Every structure is written in C-alpha cells, then in structure tokens.
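Mind looking over this structure? Questions follow.
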Amino acid sequence: MSAPEDFVRTIRGVVGAEPFVGLHVPDITEREKQRVRECLDSTFVSSVGAFVTEFEQGVADFTGARHAIAVSNGTSALQVALELVGAGEGDDVIVPALSFVATANAVSHTGAQPYFVDSDETTLGLSVGAVADVLRSARSTSEGLVNAATGRRIAAIVPMHTLGHPMHIAELVALAGEYEIPVVEDAAESLGSRVGEVHTGTFGRLGILSFNGNKILTTGGGGMILTDDDELARRARHLTTTAKLPHRWEFEHDEVAYNYRMPNLNAALGVAQLERLPGFLADKRRLAARYQAAFLGAPDVEFLTEPQGTESNYWLCAVRVAGGLARRNALLEAANDAGLQCRPFWNLLHAQAPYRHLPHAPLPVAETLHASVVCLPSSPALAAA
C-alpha cells in the first residue's frame with residue numbers, strides 16, 4: 001500500500017461512500033424508543049425501576065456471571081470493584097500502560113496508584129510475562145507482596161481486553177493466584193468476547209463492563225460489575241446505592257458510600273439493546289472479515305485478528321501499519337480528511353500528565369503498538385454497507 005490514498009480507498013471499499021463514517025455509531029431503532037417510552041410512562045426514571053433489574057439479569061445470563069450490578073459508568077464500576085478487593089491508600093495496582101485513561105483513574109480514585117506494565121504483541125492486552133517479572137521481583141511481607149520498584153503493596157491486577165480481543169486471562173489469573181493477588185478484569189470493551197466458552201469479565205474476582213455511547217451495546221452511559229461471589233455482590237450493590245439500609249420510609253446509611261446506581265431510563269435502553277446484541281456481534285464479525293479480506297496482501301498493513309482460542313467481539317476493527325509514528329499519523333490524517341473517522345490507540349498512560357511522575361515497568365511493546373495501530377470505522381451497521 002504505497003500511499004495514504006490507497007489506505008483510504010481500501011476502507012471506502014468496505015464501508016461505502018457516505019461522506020462521513022463515524023468510528024462507532026450506536027444503532028438505535030424503534031424497539032429502543034419503545035422501551036424508553038415505557039420507562040417514561042412509568043415515571044420511574046431514576047435509580048429505582050424494573051428495567052434496572054431486568055437489565056442486570058439479562059447481562060448476568062448472557063455473560064454467565066452469578067451477579068451483575070448496574071452502575072453509572074465503567075469507571076465507577078472499576079473503582080468500586082477495586083475497593084471491594086482491598087485496594088486503597090499506599091497500594092499499587094498493576095495495569096497496562098496501553099489502555100484508556102479511565103483504567104488508571106479508577107485506581108487513583110481508590111487512593112492507590114497505578115503501576116504500568118507492558119502489553120502482549122499478539123493479544124494487545126496486559127503481558128503475562130511482564131506481570132510475572134514484577135511479581136517475581138517483589139518482596140513478600142506480612143502485609144502482602146511489595147513491589148520492588150515502588151516499595152508499595154501490590155493490591156490487585158487489572159487486565160484490559162483491548163479492542164475486545166481477549167488477553168491471556170486464564171494464565172494471568174493462575175499466575176496471580178500463586179501470589180494471592182486478586183484480579184479485577186476491565187472488560188469495558190469486550191462484551192460478547194469469550195475464551196472458549198467463558199465470557200471475559202468472569203475470570204477474576206470481579207469484572208466490569210461499560211455501556212458508553214461508543215460501545216457494542218449502549219445505555220447512553222453506564223457500567224456493570226460482574227462477580228460470582230455472593231458477598232462481594234452484596235457489598236457492591238450496597239456501596240453503589242449510598243449504603244442505604246432497607247426500610248419502608250427511613251433514610252439510614254451505615255457507611256460513606258456512592259450514588260453510582262444506573263438510572264432506570266438508561267437501563268430501559270440497555271434492555272432493548274441487549275435483545276439485539278447477538279445481531280450486533282454477528283455484524284461485527286462480518287465487518288471484520290471484510291476488512292481482513294480488503295487488507296489481505298498489503299505488505300505494510302496487518303489487520304488485527306482475534307487471538308487463537310478466543311472469540312472477539314471486534315469492538316473496534318484495527319490494523320497495524322509499518323513506518324512508525326509518522327506513517328501512522330499520515331494515514332490518520334488522510335482518512336479523517338476523507339470523512340473516515342479513524343483513531344489511534346490512546347496515548348500511553350505513563351505519559352499522561354497525571355501519571356508522568358510515577359515509576360513503571362519497561363514498555364517496549366506498548367510503545368510499538370501505540371506508534372503503529374489505526375482503529376477503523378466499526379459500527380455494526382457498516383457490515384451491510
């Protein structure tokens with residue numbers, strides 16, 4: 001592929017000739033509008049209502065999680081999940097440097113600090129080998145495992161399933177188990193992704209999902225905490241609903257907590273979207289196959305496919321391009337000038353202003369991925385373009 005215009009032409013051949021093609025546009029039909037109208041007619045539009053319960057049960061059934069607790073967004077879900085496993089002031093939490101800033105922010109909201117670790121070139125997710133290096137060099141104390149680089153207790157590990165592609169989560173959970181470190185999965189991007197028959201977000205002590213407007217299923221804003229642990233689920237529900245004790249009329253709260261409950265209005269949208277999720281996933285796979293065929297044989301462009309043994313939701317289809325940051329930026333400029341909303345990976349977290357002062361592990365793979373990956377328009381409706 002000798003020029004940026006060839007790159008643009010290839011994408012156009014997949015997505016069609018619309019003047020502007022967004023990166024990931026929500027698919028809203030009359031069914032969603034009907035369920036939202038039902039919620040409005042009920043007058044239960046805030047944090048109490050039947051749609052929240054229905055949405056939670058639907059997500060639990062779909063993912064295979066024993067419990068699903070609906071919250072306001074993925075960041076709040078991750079914050080509470082980390083607090084539930086004991087992360088807090090003075091602790092480290094291992095996270096991938098290649099992730100959206102919300103992953104690190106959720107850690108910071110608990111009072112802990114993120115410790116950034118490298119990525120795996122095949123899965124794009126947290127490198128199990130890089131995590132192993134950190135854990136093996138750590139010092140065992142009565143308080144727990146202490147990071148040799150920071151002198152802080154390692155409270156948790158947060159893998160993220162990048163672009164919906166499952167990372168080596170079973171291997172990571174086994175490794176973490178050897179050191180008695182809890183794993184909290186950031187599955188914000190991977191609703192519908194599985195390793196074998198097991199859904200992402202259900203391998204660790206807890207997992208979280210996001211239903212932001214650009215996700216495969218949207219509630220406008222919203223998130224979900226997943227767990228098989230009855231007590232953790234009870235605590236998650238209590239903490240995210242202001243720690244209010246049940247009573248017919250009294251307002252009694254037994255601890256400082258959060259108002260993170262998902263509104264019934266958002267859940268109504270989610271219930272309708274969940275009905276259509278199998279279709280979204282099928283459309284995503286068709287679109288990914290079309291992109292893969294379109295870029296097949298291009299000497300300097302590689303379409304990123306699901307890791308072996310997994311089923312990805314292909315939340316964002318993406319390619320790796322040769323030529324480094326300058327070439328990546330040239331392709332991004334050409335695509336966006338042509339009305340194709342392509343995006344790079346997020347800037348690495350260790351380089352973000354709030355986190356530049358923190359120590360981190362070596363990050364050669366993350367730096368290479370950041371300089372070479374371009375995310376392509378990936379709305380499910382594009383499968384029919």
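Where a number appears in this text, it was derived from the coordinates with a stated rule and is not lab data. Because the structure is a prediction, the values reported are computed rather than measured. A quick note on method: Cβ atoms are made from the backbone with ideal geometry, for glycine too, and the neighbour counts reach across all protein chains shown.
In the range 281-385, which trypsin sites (Lys or Arg not before Pro) fall in coil by DSSP and have 15 or fewer other Cβ atoms within 10 Å?
For trypsin sites (Lys or Arg not before Pro) across the range 281-385 that sit outside H, G, I, E and B with at most 15 neighbouring Cβ atoms in 10 Å, the list reads 356.
Taking the alpha-carbon centroid of each part, what is the distance from the range 305-324 to the range 352-385 in angstrom?
Each part's Cα centre sits 12 Å from the other's.
Order of 62, 51, 251 from fewest to most other C-beta atoms within 10 Å?
Working: 62 16, 51 27, 251 8.
Taking fewest neighbouring Cβ atoms as first place, the list is 251, 62, 51.
Compute the separation of the alpha-carbon centres of the range 42-60 and the range 74-119 and state it in Å as a whole number.
Distance between centres, Cα-based: 28 Å.
Can you run phi through the Karplus equation (6.51, -1.76, 1.60; θ = phi - 60°) for the range 195-203 and list ³J(HN,Hα) in whole Hz, with x for Gly and Pro?
Running phi through 6.51 cos²θ - 1.76 cosθ + 1.60 with θ = phi - 60° gives 10, x, 9, 9, 6, 4, x, 10, 8 Hz.
Search the structure for amide H atoms under 5 Å from the amide H of residue 71, placed 1.01 Å from N in the peptide plane, and list their residues when 5 or more places away or on another chain.
223, 224, 225, 262
In whole Hz, with x marking every Gly and Pro, tabulate ³J(HN,Hα) for the range 130-135 from phi via Karplus 6.51 cos²θ - 1.76 cosθ + 1.60, θ = phi - 60°.
Rounded to whole hertz, the list is 5, 5, 4, 4, 5, 5.
Under the rule of at least 5 residues apart or a separate chain, name every residue whose amide H is placed under 5 Å from the amide H of residue 243.
The answer is 258.
Roughly speaking, what is the centre-to-centre gap between the range 142-192 and the range 197-220 when only Cα atoms are used, to the nearest Å?
Going from one Cα centre to the other spans 16 Å.
From the Cα gyration tensor of the chain, with a ≥ b ≥ c the square roots of its eigenvalues, which class applies: rounded if a/c is under 1.5, or else prolate if a/b is larger than b/c, or else oblate?
On the way: a/c = 2.02, a/b = 1.15, b/c = 1.77.
Oblate is the answer for the chain, as a/c is 1.5 or above yet b/c matches or exceeds a/b.
Provide the per-residue ³J(HN,Hα) series for the range 269-279, in order, calculated from phi with Karplus coefficients 6.51, -1.76, 1.60 and θ = phi - 60°, each as a whole number of Hz, with x at glycine and proline positions.
Computed from phi, the couplings for the range 269-279 are 4, x, 4, 5, 5, 5, 4, 9, 4, x, x Hz.
Expressed in nm to one decimal, what extension gain is obtained for the pair residue 3 and residue 41 from 0.36 nm per residue of sequence separation less their Cα-Cα distance? Write out the running numbers ahead of the final one.
Values: separation 38, 0.36 × 38 = 13.68 nm, distance 5.49 nm.
Here the answer is 8.2 nm.
Also, I was wondering about something else. Return the calculated 222 nm mean residue ellipticity for the chain, to the nearest 500 deg cm²/dmol, obtained by summing -39500 (n - 2.57) across DSSP H runs with n ≥ 4 and dividing by the residue count.
-11500 deg cm²/dmol
Would you mind checking which residues have amide H under 5 Å from residue 185's amide H? H placed 1.01 Å from N; only 5 or more apart, or other chain.
Under 5 Å from the amide H of residue 185: 204, 206, 207, 208.
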